[in-house]
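Here the structure comes first, spelled out in structure tokens, and everything after it is commentary.
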Amino acid sequence: MDKQATLLFSLLARPQKLADLDMPTWDVLIRQARNADLLGRVYELVAEHQLFDAVPLPVRPHLLSARRVARRHTAMVGFELGNLLGILAKLDTPVVVLKGAAYVLAGLPAAAGRVFSDIDLMVAKEHLDEAEKLLKIQAWVASADSYDDKYYRKWMHELPPLQHLKRHTLLDLHHAILPQTARLKPDSDKLFAAAVPVDGYPNAFVLCPQDMVLHSATHLFHDDEFKHGARDLVDLDTLLRYFGKDDAFWQSLVSRGETMDLSRPLYYALRFCQRLLDTPVPELVMAQAARLGRPVGPLAWLMDKLFERALPADHPMCVDSFTPLAKWLLYLRSHYLRMPFHLLIPHLLHKAFISPINARRMEKKAENRPTIEGLIAENKAP
Amino acid sequence: MIVADYSEEALQSLIAGSGLRFDVGPFVVNLQSSLDNFAADIRLMYGTCPLSTQSFADFHVRLDQPFGLRRWFRPQTNFTQDGRTPFKPLPLEQSFAMFEWGLNWCVSSQCHQYLIVHAAVVERAGLALIMPAPPGSGKSTLCAGLVARGWRLLTDELALVSLEQPGEVIALPRPISLKNESIDVIREFAPQQVIGPIAHDTAKGTVAHMAAPPESIRRGTETATSRLLIFPKYIPGASTSIVPRQKAASFMELAEQSFNFNVLGELGFQALKQVLDNCDCYDLSYSDLDDVIPALEQLIDASGASPALDASLTNSGGATDG
Amino acid sequence: MRASTTWFVNPVNPLFFAAWPGEDAVVAYQSTSGDTHLISAMGAAVLELLQAAPLSAEAVFKDLFPDEEPVAEALATLRNNFLIHFEQLGLIEKSLS
């Protein structure tokens with residue numbers, strides 16, 4: 001990968017360098033960051049390091065624009081969470097807020113400048129049906145067709161995505177962080193037991209710092225949505241830098257990964273954050289994570305090559321001839337990881353000929369994008 | 001230097017290479033294409049736009065034929081911005097229209113430094129007449145007619161309302177999109193105007209564009225103060241009728257026609273409120289351009305800078321960016 | 001509906017109004033949901049009161065019509081046509097303290 005292909009990552013790793021960029025480099029950066037949904041993040045870094053005066057005038061509107069979108073997304077997520085937690089309060093059971101929405105609710109720096117394609121919540125499996133009923137009354141309805149619907153309910157760790165009829169916000173309601181069929185089996189009970197309550201909402205929890213990192217890592221390195229690979233890696237980097245200020249976090253991270261059966265994704269997360277974003281990971285932690293999670297022999301080399309292609313911004317200039325194959329192999333891998341092979345065959349065939357579920361789901365999300373990025377898409381005045 | 005200073009051949013090689021970079025209103029567009037004849041359309045429709053020497057472009061866009069066997073029996077065009085495709089490919093003869101729609105998408109989805117409303121805006125004596133666009137309203141025909149009679153074109157599709165100067169509209173002088181019968185109506189009404197390539201059977205029927213007059217492009221950096229908000233309706237055979245309407249209801253229509261009212265939150269609300277403070281609002285029905293244009297000229301000349309405008313200038317606290 | 005019910009605009013979801021002299025409708029904008037509503041001038045007056053302070057239906061009535069008696073029928077109309085409707089739209093909330 002040449003230098004231009006990794007420009008976005010190298011600047012995110014060393015934001016002070018934003019002060020000295022020339023116009024042609026800004027030209028490249030803005031385009032990569034926009035495609036990676038990281039333009040709002042670039043704004044936040046510029047603001048944090050007080051570099052806005054060093055940004056050339058023609059570039060500024062793009063950063064301000066991205067900030068406005070990100071703030072709107074954050075406000076919308078806050079608004080929807082308020083409603084959702086209110087609706088689910090009737091369950092009288094903990095609701096764990098996951099991923100981006102959790103960063104907003106917990107006020108973490110990872111929320112700054114971020115955009116959202118959906119909201120992820122988790123409740124214990126025995127409350128899932130009741131939760132769905134309560135949500136349905138309040139206009140949150142399943143948006144999948146009947147095959148998708150069966151697929152989700154039978155094999156996945158979440159309900160088919162729900163969508164608010166009026167505001168079109170997407171909601172994923174989970175009962176675990178990986179599908180029931182996945183090879184790795186993180187125990188949801190342990191996640192609930194360690195979850196941290198959130199001020200202001202009697203029923204709201206977020207994962208404990210270690211689990212939050214593990215979940216983010218699992219999502220990135222076990223999922224097929226490398227469309228958001230760059231953004232998800234930046235999430236991980238931001239979480240690690242923030243939680244990592246506390247030594248206690250590092251001391252228990254690797255052992256927590258082992259307990260949760262997630263040593264492999266944790267290893268990848270630490271490795272690629274360090275490699276691509278210069279995330280400070282203590283040497284000892286890296287060594288322990290590698291001992292437990294590093295794949296053996298040539299596989300380690302291959303996975304390096306694959307992820308190096310899949311993680312940078314989704315932009316033509318970040319692509320080489322190996323990139324499409326790398327993404328396809330990772331896509332296959334994500335399915336191999338999710339379910340045993342005999343289940344995978346009919347599923348893949350079904351995808352090819354009738355209903356490409358994940359591709360379609362991505363399309364649905366992409367459809368929202370042209371109108372005004374994701375969440376707020378069709379949410380116009382009535 | 002302007003785009004038309006280059007010969008068609010020189011433009012073609014620029015577009016096929018690193019790209020033609022030119023100013024469109026407040027934006028710099030970098031256009032690349034592997035299509036054979038795209039330079040001719042660009043030279044005709046954007047010829048008076050200044051070439052840009054800036055090394056930062058707001059939008060890098062491409063028009064290409066998609067790969068695959070279809071290209072031999074059903075040639076198509078694909079619009080991309082940095083590898084992203086907002087639309088499905090369209091027939092090759094709709095290439096120029098697709099460029100226009102693609103650029104609309106870039107501006108309306110990425111430029112939240114403005115409140116963006118789907119509306120035509122024209123100016124006379126510094127005052128802006130805004131015409132929002134429920135489909136089939138005939139606002140583009142009226143816009144083209146007014147422009148052909150000397151009103152300055154600010155925009156035909158995307159009204160850029162300033163968030164920094166309350167009530168001001170920023171110019172984005174680009175070709176005016178004419179549909180179906182409007183094409184012949186304008187040809188007959190204003191034969192001196194430049195009409196571009198005709199695209200048949202688009203999603204909107206037959207589409208052709210009228211180039212923005214050179215004078216409108218030359219004055220592209222001047223803003224105009226919102227003063228009249230007109231909801232036009234073309235009704236065959238109808239005589240011109242101009243009826244006042246309420247501002248609150250008009251606010252709702254503009255919000256409905258806005259691309260980013262909700263992205264901007266309170267800032268967008270305040271910007272739109274200022275526009276309504278400034279504007280007298282009317283429903284307009286018409287069928288005859290020769291009749292309606294003098295009526296609108298009279299209306300805007302009589303309105304002047306209104307008491308509402310003065311009041312708003314003194315008590316507008318200015319929206320903040322929260 | 002008990003007499004001690006109070007209604008209020010939650011400060012977390014503030015409302016913004018746009019109104020012009022001589023018009024019988026008002027724009028109410030809720031920035032958190034992004035919803036924009038066109039409401040009657042009377043409705044806007046009710047919302048403005050509830051944005052200033054939590055009030056019972058009786059208190060709203062007395063503020064709007066200081067010289068009238070808040071008879072049961074009038075209060076029921078205020079609740080059904082305004083308060084409950086606004087609550088369903090997510091513009092106001094109620095508390096049963």
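Below, the figures for the structure above:
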| read-out | value |
| --- | --- |
| Selected residue (criterion: surrounded by the fewest Cβ atoms within 10 Å (Cβ to Cβ)) from residues of region B:120-152 that are touching a Ser or Thr at 6+ places or on another chain (Cβ under 8 Å) and more than 20 Å from B:Tyr234 (Cα to Cα) | B:Gly126 |
| Residue list for region B:247-287, restricted to those being of a type in the set (Phe, Trp, Tyr) and facing another protein chain (nearest Cβ under 7 Å) | B:Phe251, B:Phe259, B:Phe261, B:Phe269 |
| Criterion: touching a helix residue (DSSP H, G or I) at 6+ places or on another chain (Cβ under 6 Å) and not acidic (Asp, Glu) - qualifying residue of B:Val147, B:Val107, B:Val122 | B:Val122 |
| Some residue of region C:47-61 being surrounded by fewer than 19 Cβ atoms within 10 Å (Cβ to Cβ), touching a strand residue (DSSP E or B) at 6+ places or on another chain (Cβ under 8 Å) and at the interface with another protein chain (Cβ under 10 Å from one of its Cβ atoms) | no |
| Residue ID - nearest to B:Ala212 (Cα to Cα), chosen from residues in region B:44-70 that are of a type in the set (Val, Ile, Thr) and at pLDDT 95 or above | B:Thr48 |
| Any hit, region B:42-65, residues being free of Cβ contacts under 8 Å to residues at least 24 places away in the same chain and of a type in the set (D, E, K, R) | no |
| Residue satisfying all of: in region A:43-98; more than 13 Å from every other protein chain (Cβ to nearest Cβ) and of a type in the set (S, T, N, Q); surrounded by the most Cβ atoms within 10 Å (Cβ to Cβ) among these | A:Thr93 |
| Qualifying positions in region C:19-71 - under 12 Å from the mean Cα position of the chain (by Cα) and under 20 Å from B:Ala271 (Cβ atoms) | C:Ala28 |
| Criterion (surrounded by fewer than 21 Cβ atoms within 10 Å (Cβ to Cβ) and either over 15 Å from B:Ala97 (Cα atoms) or of a type outside the set (Asp, Glu) (or both)) met by exactly one of B:Gln12, B:Gln54 | B:Gln54 |
| Region B:87-129, subset within 25 Å of B:Gly265 (Cα to Cα) and touching a Pro at 6+ places or on another chain (Cβ under 8 Å), residue nearest to the other protein chains (Cβ to nearest Cβ) | B:Gln113 |
| Residue list for region B:240-283, filter: in contact (Cβ under 8 Å) with a residue 60 or more places away in the chain and part of a loop (DSSP other than H, G, I, E, B) | B:Gln257, B:Phe259, B:Asn260, B:Cys279 |
| Some residue of region A:260-281 being more than 22 Å from the chain's Cα centre (by Cα) and either in contact (Cβ under 8 Å) with a residue 24 or more places away in the chain or more than 23 Å from A:Ala102 (Cα to Cα) (or both) | no |
| Of all residues making up region B:184-239, the number that are free of Cβ contacts under 8 Å to residues at least 24 places away in the same chain, closer than 21 Å to B:Thr48 by Cβ and assigned to a helix (DSSP H, G or I) | 1 |
| One residue from B:Pro244, B:Pro166, B:Pro232 being under 25 Å from B:Cys279 (Cα atoms) and touching a Lys or Arg at 6+ places or on another chain (Cβ under 6 Å) | B:Pro232 |
| Residue among A:Leu29, A:Leu8, A:Leu21 that is within 13 Å of chain B (Cβ to nearest Cβ) and more than 26 Å from the chain's Cα centre (by Cα) | A:Leu21 |
| Qualifying positions in region B:16-27 - among the aliphatic types (A, V, I, L, M) and surrounded by fewer than 21 Cβ atoms within 10 Å (Cβ to Cβ) | B:Ala16 |
| Qualifying residue in region B:223-235 (condition: out of contact with any Asp or Glu (no Cβ under 9 Å at 6 or more places or on another chain) and farther than 30 Å from A:Arg72 by Cβ) | yes |
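The values are calculated or read from the model by the stated rules, or taken from the named source; none is laboratory data. Every value quoted in this text rests on a predicted model; they were computed, and no experiment measured them. Methodologically, a virtual Cβ is constructed for each residue, glycine included, from the backbone with ideal geometry; neighbour enumeration extends over all protein chains shown.
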